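Trainee: Could you have a look at this structure, given as structure tokens, before my questions?
Every number here is computed from the coordinates shown, using simple stated rules; none is lab data. All values derive from a computational prediction rather than experimental measurement. Cβ placement follows ideal geometry from the backbone for every residue including glycine, while neighbour counts extend to all protein chains displayed.
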There are 2 protein chains.
Amino acid sequence: MYLTQTLHRALQQDPRRELTVTGDRVRTVAESIDRVSRLAGGLRELGVGRGDRVGMLSLNSDRYHEYLLAVPWADAVVHPVNTRWSAAEAAYALDESGTEILLVDDTFAPLAGDIRGRCPGLRTLVFCGDGPCPDGAVGYEELIAGSDPIPDARRGGDEMFGLFYTGGTTGTPRGVMLSHDSLMLSALGCQASGAFISRDGRLLHVAPMFHLADIAIWTCGLLAGSAHVTLSGFTPEGTLDEIVARGVTDVLLVPTMIQLMVDHPNAASADLSGVRRVLYGTSPISESLLARAVERFSGAGFTQAYGMTELAPVATILEPADHEVPALRRSAGRAAPHAEVRVVGPDDVELPRGTVGEIVVRGDNVMLGYWQREQETETALRGGWMHTGDGGYMDENGYVFVVDRMKDMIISGGENVYSVEVENVVARHPAVAGCAVIGVPDQRWGERVHAVVVLLPGHELTEAELRDFCREDIAGYKCPRSVEFVDQLPLSGTGKILKRELRRRYWPDGERQVR
Amino acid sequence: MYLTQTLHRALQQDPRRELTVTGDRVRTVAESIDRVSRLAGGLRELGVGRGDRVGMLSLNSDRYHEYLLAVPWADAVVHPVNTRWSAAEAAYALDESGTEILLVDDTFAPLAGDIRGRCPGLRTLVFCGDGPCPDGAVGYEELIAGSDPIPDARRGGDEMFGLFYTGGTTGTPRGVMLSHDSLMLSALGCQASGAFISRDGRLLHVAPMFHLADIAIWTCGLLAGSAHVTLSGFTPEGTLDEIVARGVTDVLLVPTMIQLMVDHPNAASADLSGVRRVLYGTSPISESLLARAVERFSGAGFTQAYGMTELAPVATILEPADHEVPALRRSAGRAAPHAEVRVVGPDDVELPRGTVGEIVVRGDNVMLGYWQREQETETALRGGWMHTGDGGYMDENGYVFVVDRMKDMIISGGENVYSVEVENVVARHPAVAGCAVIGVPDQRWGERVHAVVVLLPGHELTEAELRDFCREDIAGYKCPRSVEFVDQLPLSGTGKILKRELRRRYWPDGERQVR
């Protein structure tokens, strides 16, 4: 299998169909393929050879889509760069991977000089923005216009499709090598589940396209015949507008984005009934948020996927029907059709159901390995299973519950308090839009349960009221002893709440920062 | 990927679910796995080693399902034998493939002595019927009861899952070698299309389970969480009864079976509303039959699949929505997500749309090759494409029209008449249940258009009336010059009308028998 195969199929079956929509710029399948094959020709002329890595540092656009297809078309390997990284971090990945060509858009062109200074191997910049082309860079549109189309190299099968650096926030970033087969298989498995991208719909890319979560649904969309609608960045009102204006049917979000959208004043008047599927990941959705989201996205099924870059990326799926069972909403779902999932102890032996251990995954979706890190690859893939590093347990019906957030456990007065449990209760309060619960230093209790809360617009809530509310559902020692009301929570690039940043205010010396 | 993976997943997620239903014998996932792992142990004790072929000659039952899983579990290769074959034909395949162990049921046990006599390498018979075990055979239930379960060998990936002999009616049968990956990929692609087996339903196996068409939907059912309901043979009333009695949701049929069912007197009173999906293949469905079928199976979507054993087996899919477009009902559909499909000329160069050539297919679903036939394998797979030997053309939207039935063209008075065109018109007459149109020798015209017609119960029709009816839609030279009314049409094992047999009456010397 190979990713550009999906293009050939689209050309055979529906060349005039809209394939990409970026603002008012709409490209059909036939146009997209013409541009992809020319861009591939242009990359060849720039010296890109078989297996070479080609980087991209850009916000979402139709050009990201073209890049992801033109690079394998030219027999090369994509290397999407994390847009949240500093110049030093980006340069590290570009340098280690030997990436000699980098595409940058308007947003990141100013960073290019700094990156280039740190990364002597980087010999060519291609400017894929809309503004004026910086000195010394090759213009993206000029490259396409000035190049002849080349035949598709049909890079595929076990060959590397892309190099995806992960782990930028802790430790040294590592390049995950993923093959065409791995990505296609994960996408086929997700589509076979019936819980992913709807057929012939309009799929919104608002999560960053450098991230494998979005590349995964993009691949699903290629199989499902989607039009790919791109937004350069997330704002709740911008996303609501785009969904309505472009007739979006499928969208990948993270729970925090969902919360910001459904609680936004514009949400009530936006007609979101055309949305058939809301996919989310990174973290479970709280019951109260799901209830609000179901009300707003009245025509949509909600699907959660759990996985990681090393799994190309999906391992488990929580399907729309599962969401109707309250106890399952905290689950990450069950093994996808293409993946085997187990929970094992430190000796790699499978544990009984309900016992917390490490989640491990086996299947043809698993990565080829970490770039130039044989030892780490061997450790991660020991015994033929990808060791996710995530803690979790499995229930009697195969539902996986990820409890790495349980490592984010608070020990207060000798009692263990799991943040996720408290967060679920706090989130149910009708005035609460979002929250995070952390442990903070306390003279008396060692740590105390501390809630950081975002209120819904126009609502009020006191610390005492919230504590009383919690007390009805959970033990007193689990209830927040202190509450902080904030306008918004700090988010990572993928929309995960950065508890690390919240904790930093209370644990300035970096001690006892569980994650 | 490997087929037994689906069992482990089912055990992890729903061990108490019904997995097989044969008459009143119902087995859960857990029971089924216990039996499969014991049967695998028993096969090992009988001397089955890595990669050995294990044959089965049996009507449909839950034991066919167990066999298909126990053999790879024991690290061996399945070799399902065509139940329509003579002892000589079966012995040929068993001998050529070096199959040393054969499972036979009550129906085929009487043939076993004859087969054994012709196939000296066949050393062990396992009797998988319900009657008394013949002398010299090992009892299937005794084998399971007396053997310890063994761990799954996890035979998979590129390794051979099975050897499937095809081409029994013309030329020498050839063994098609299919890997686990090929079968799993075809099934994943079909399920990803959304047009195949419904989730968590009850899938009826009434088409013979030795045939890859049924093994394909069985694989889809394993992915979709189906209960596999088996019927040992097809009768219209028996199938209607089983669908109602067992709550069948999905079924694979051939158009002739559909016709016999929907025109059966019992059809009107049978509640078929629980059927969600009717899959069919082998030949297109006529418009009038589809109309009657849609009326009877009021809750079902109709899906046609085209392929062949060498393609594991699906290449194109005609989806339920396609059936709403009359012009597409004669199509075999479009390339499935996992397959690339083209129409090429004798030089293997792709032809313009609308031009008839040979249908060729590429993808990871393609066979490993023909057993011990390197030259034929190389010819069939030349240039990396499986050459189907089927004629066809592709329209502007990628729909494939198989016109091998056009080779079954009649040259009457110098004019070309395509049987399929006449058949479509004849089938629209309200009194016609089914028909076949062939060319027969004619003194004046060389050949004349001859229709063989089955009438609906209680209906009457004369030759002249039928000719007048046809004359309204097609040119006079295309209308049947002679008509024969029969009670039923001769069918092949897969339900295809045996035109060869119809022609034999008119072309006794075997000349000019196009197919």
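Trainee: From the Cα gyration tensor of region B:408-504, with a ≥ b ≥ c the square roots of its eigenvalues, which class applies: rounded if a/c is under 1.5, or else prolate if a/b is larger than b/c, or else oblate?
Mentor: It comes out oblate by the Cα gyration axes.
Trainee: Can you find, among A:450, A:474, A:498, the residue farthest towards the positive end of the dipole of region A:408-504? Put +1 on the C-beta of Lys and Arg, -1 on that of Asp and Glu.
Mentor: Comparing the listed Cα positions along the dipole, A:498 ranks first.
Trainee: If you line up the long axis of helix B:29-45 against the longest principal axis of chain B, both from Cα atoms, how many degrees apart are they, to the nearest 10?
Mentor: With both axes taken from Cα atoms, the answer is about 70 degrees.
Trainee: Given H placed 1.01 Å from N in the peptide plane, which residues other than close sequence neighbours of residue B:225 have an amide H under 5 Å from its amide H?
Mentor: Hits under the 5 Å cutoff: B:200.
Trainee: Now, a different point. To the nearest 500 deg cm²/dmol, what mean residue ellipticity at 222 nm is calculated for chain A from DSSP H runs of n ≥ 4 alone, each contributing -39,500 (n - 2.57), summed and divided by the residues?
Mentor: Taking each H run of at least 4 residues, the total per residue is -8500 deg cm²/dmol.
Trainee: To one decimal in nm, how far is residue B:117 from the same spot in the other copies, if labels go 7 Å from Cα toward Cβ? Please give the shortest first.
Mentor: From this label point to the equivalent ones elsewhere in the assembly: 9.3 nm.
Trainee: Which distances, shortest first and in nm, link residue B:397 to the matching position in the other copies, using label points set 7 Å out along Cα to C-beta?
Mentor: 4.0
Trainee: Could you give me the ³J(HN,Hα) list for region A:260-275, computed from phi with Karplus coefficients 6.51, -1.76, 1.60 and θ = phi - 60°, whole Hz, x at Gly and Pro?
Mentor: Calculated HN-Hα couplings, in order: 5, 6, 6, 8, 6, x, 6, 5, 4, 8, 6, 8, 9, 5, x, 6 Hz.
Trainee: What is the spin-label model distance, in nm, from residue B:465 to residue B:443 if the labels are put 7 Å beyond Cα along the C-beta direction?
Mentor: 3.0
Trainee: In terms of the Cα gyration tensor, with a ≥ b ≥ c the square roots of its eigenvalues, is chain A rounded because a/c is under 1.5, prolate because a/b exceeds b/c, or oblate?
Mentor: Since a/c reaches 1.5 and a/b is larger than b/c, the shape of chain A is classed as prolate.
Trainee: So if R0 is 30 Å, what FRET efficiency would residue B:379 and residue B:496 give, r being the distance between their Cβ atoms, rounded to the nearest 0.05?
Mentor: Computed FRET efficiency for residue B:379 and residue B:496 comes out at 0.75.
Trainee: So, one more: Could you tell me the center-to-center distance, by alpha carbons, between region B:205-235 and region B:451-481 in angstrom?
Mentor: Rounded to whole Å, the Cα centres lie 37 Å apart.
Trainee: Right, something else. Out of the trypsin sites (Lys or Arg not before Pro) in region B:48-148, which ones are loop residues according to DSSP with at most 16 other C-beta atoms within 10 Å? Kindly include the intermediate steps, with their values, before the conclusion.
Mentor: Working: sites: B:50, B:53, B:63, B:84, B:116, B:118, B:123; in loops: B:50, B:84, B:123.
Hits after loop and neighbour filter: B:50, B:84, B:123.
Trainee: Run through the DSSP bridge list for chain B and note the antiparallel percent, rounded to the nearest 5.
Mentor: Just about 55 percent of them are antiparallel.
Trainee: Does the protein assembly as shown come out rounded, prolate or oblate by the C-alpha gyration tensor, with a ≥ b ≥ c the root eigenvalues, rounded set by a/c under 1.5 and, if not, prolate when a/b is larger than b/c and oblate if not?
Mentor: prolate
Trainee: What are the distances, in nm and sorted shortest first, from the label point of residue B:415 to the label points of the same position in each other copy, with each label point placed 7 Å from Cα along the Cα-to-Cβ direction?
Mentor: In nanometres, ordered from closest: 9.3.
Trainee: Across the protein assembly as shown, how many lysine pairs, 8 or more positions apart or on different chains, have C-alpha atoms separated by under 28 Å? Please give the number.
Mentor: 10
Trainee: In whole Hz, what ³J(HN,Hα) sequence does region A:154-165 give by Karplus (6.51, -1.76, 1.60; θ = phi - 60°), x for Gly and Pro?
Mentor: Each residue of region A:154-165 in turn: 6, 4, x, x, 7, 5, 5, 8, x, 10, 10, 7 Hz.
Trainee: Separation between the residue B:477 and residue B:350 pseudo-spin-labels, each 7 Å from Cα along Cα→Cβ, expressed in nm?
Mentor: The two pseudo-label positions are separated by 3.6 nm.
Trainee: Nearest 0.05, what FRET efficiency do residue B:30 and residue B:321 give at R0 = 56 Å with Cβ-Cβ as r? Could you put the intermediate results ahead of the total?
Mentor: Details: r = 39 Å, r/R0 = 0.69.
E between residue B:30 and residue B:321, to the nearest 0.05, is 0.90.
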